[in-house]
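A.B. asks: Provided herewith is a single structure, encoded as structure tokens, for subsequent inquiry.
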Amino acid sequence: MVSGYLDRINGMLVQPQTTLKSLQEAPLRSAFIHFLLVWEIFAALFCLGGLGLNLFVPTTDPWYPVEFVVLVLAGWLFFGLVVHAVLRVVSGQKSVGNTCRAVLYAATPLAAIGWMPVIGGLSFIWGLLLMNQGLVEYHGISGRTAAAVLFLSLVLGIMAFGMAYYFLPLAITLLIR
């Protein structure tokens, strides 16, 4: 079972278009398990103290990899809902399962190689390109429409994060008083 997921990770990194086509009929549960597996591997590699990889996140919390994956999952699923909302407005597509599948599989490059210093920054762009291809494959829309959806989703996601970052502490402070 694990070898199937490792083959899927390899396929997403080496032959993404072929792999996305082959996973079009895969159940959403399989995409979710794939997502959890690659992000748990990322969290473990990122937090390994023996390799000096924890320069960014110095922690002794043994639960940090699990906490990290839960937070990444929440953020990625929120972004998936934003992508689907924009997709629905722009093209009228109704399948949230296909959108979630594209978004979950698109996290593979960032999770698999995002912990590497130079390549890690490029893996985010690679993930967006993979998400674009996934939206094209799973929803049958044009590449330009998918790119417009992703651009609008990024803008809305960044705005939502900025508002939450600014207003959430303010709201908590006002509720405490």
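A.B. asks: Please determine whether any residue of the range 154-169 is closer than 19 Å to L13 by Cβ, out of contact with any Cys (no Cβ under 8 Å at 6 or more places or on another chain) and of a type outside the set (S, T, Y).
C.D. replies: no
A.B. asks: A further question on this structure: I need a count of the residues in the range 75-106 that are at pLDDT 85 or above and either within 16 Å of V38 (Cβ to Cβ) or out of contact with any His (no Cβ under 8 Å at 6 or more places or on another chain) (or both).
C.D. replies: 20
A.B. asks: Of the residues in the range 8-26, how many are in contact with a helix residue (DSSP H, G or I) (Cβ under 9 Å, 6 or more places away or on another chain) and either of a type in the set (S, T, N, Q) or exposed (fewer than 12 other Cβ atoms within 10 Å of the Cβ) (or both)?
C.D. replies: 6
A.B. asks: Sticking with this one: Of the residues S153, S123, only one is among the polar types (S, T, N, Q) and at pLDDT 90 or above; which?
C.D. replies: Sole residue among the options that is among the polar types (S, T, N, Q) and at pLDDT 90 or above: S153.
A.B. asks: Tell me, please, whether a residue that is closer than 25 Å to R29 by Cα, out of contact with any helix residue (DSSP H, G or I) (no Cβ under 6 Å at 6 or more places or on another chain) and in contact (Cβ under 8 Å) with a residue 12 or more places away in the chain can be found in the range 91-104.
C.D. replies: So far as the range 91-104 goes, yes, one or more of its residues are closer than 25 Å to R29 by Cα, out of contact with any helix residue (DSSP H, G or I) (no Cβ under 6 Å at 6 or more places or on another chain) and in contact (Cβ under 8 Å) with a residue 12 or more places away in the chain.
Condition check ((1) within 19 Å of E40 (Cα to Cα); (2) β-branched (V, I, T)) across all residues:
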{"residue": "K94", "(1), (2)": "no, no"}
{"residue": "A106", "(1), (2)": "yes, no"}
{"residue": "P109", "(1), (2)": "yes, no"}
{"residue": "I113", "(1), (2)": "yes, yes"}
{"residue": "M116", "(1), (2)": "yes, no"}
{"residue": "I125", "(1), (2)": "no, yes"}
{"residue": "G134", "(1), (2)": "no, no"}
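The values are calculated or read from the model by the stated rules, or taken from the named source; none is laboratory data. This is a predicted model, so every value here is computed, not measured. So basically every Cβ, Gly included, is an ideal-geometry build from the backbone, and we count neighbours across all protein chains shown.
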